[in-house]
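Please treat every number below as a calculation from the coordinates, not as lab data. Just so it is clear, the structure is predicted and the values come from calculations on it, not from any experiment. As a convention, Cβ positions derive from the backbone with ideal geometry for all residues, glycine included, and neighbour counts pool all protein chains shown.
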């Protein structure tokens, strides 16, 4: 797979996640947030089981080591913590605050990668991050942050867990080229944690479960089974910081889907915010393209 195809996969991921925001808000009206997280990833786990089994059955695959299993478990824990905190935060935070705060995970990724690998973030990446965050700010209600709630803090803490998971995925793939196993393992861990915690601390009724079922199915199959798995595949070819910036388009597609499905009005500043986020993604994409041009020019001179 080329870098360009991987980036296009990440853009598809951002589209799915952006539209899933509506399903997540709807689910909170019918059932507890942690129970919803457990249910959605249970669906994702079942959906990935055949592909994980097929991958495991390949004779050429080397066996997984204990450290590989431990790393997959850590990534799964990041997924559960991030999803649970974000979903819980959506109960009390406004869409205005939640949309902006969720986009802030792009800030943490390059620095977590720096801590893990020692690779310093490139200037173009840091510039693109500033542009994207400015765009996310304008996607709020004319750039005005509404009153802070406990939900805002949960969404912000979730950003750290999202960033940690994104940063660790390529580390796992470098050790063990088992993307379906990683997806299957993290969905299973998130499902078990969510179901156990949800049944322990949240009320659950058959009526509420039935009301939330369409949201569970969409989040489980599309947002989880498809989007998170595509993210893992794409991150084998796209560095974490750049991947996070491309996936920050989620906020743009969330705004567009809100306008299309919920009749929400996109203000002038919000449209400018969408443009800035797109500009940030273009900036980070321009880096590899420029390096290819320079390399070709250098090779021609040598010839």
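Numbers below:
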read-out: Globularity ratio of the chain, using Cα Rg and 2.2 N^0.38 Å; value: 1.01
read-out: Pair residue 134, residue 175: separation of 7 Å Cα→Cβ label points (nm); value: 4.0 nm
read-out: For peptides 173-179, 231-237, sequence by mean Cβ density within 10 Å, most packed first; value: 231-237, 173-179
read-out: Peptides 101-110, 204-213 ordered by average Cβ neighbours within 10 Å, highest first; value: 101-110, 204-213
read-out: Percent of C-alpha pairs per 5 Å bin, the stretch 168-255, short to long; value: 3, 11, 16, 20, 18, 14, 10, 5, 2
read-out: Residue-span extension gain [residue 278 to residue 200] - 0.36 nm each, minus C-alpha spacing; value: 23.8 nm
read-out: Label-point separation, residue 65 to residue 8 (7 Å along Cα→Cβ), nm; value: 3.6 nm
read-out: Under the Debye formula (equal points on every Cα, no solvent term), log10 I(q)/I(0) of the stretch 199-248 at q = 0.19, 0.24, 0.30 Å⁻¹; value: -0.72, -0.87, -1.07
read-out: Calculated [θ] (222 nm, deg cm²/dmol) that DSSP helices of n ≥ 4 give over the chain, each run adding -39,500 (n - 2.57); value: -26500 deg cm²/dmol
read-out: Simple spin-label estimate for residue 119 and residue 92 in nanometres, 7 Å along Cα-Cβ; value: 3.8 nm
read-out: The stretch 3-302, relative contact order in percent, only Cα pairs under 8 angstrom and at least six apart counted; value: 41 percent
read-out: Residue 260-residue 221 FRET efficiency (beta carbon distance; Förster radius 25 Å; 0.05 resolution); value: 0.75
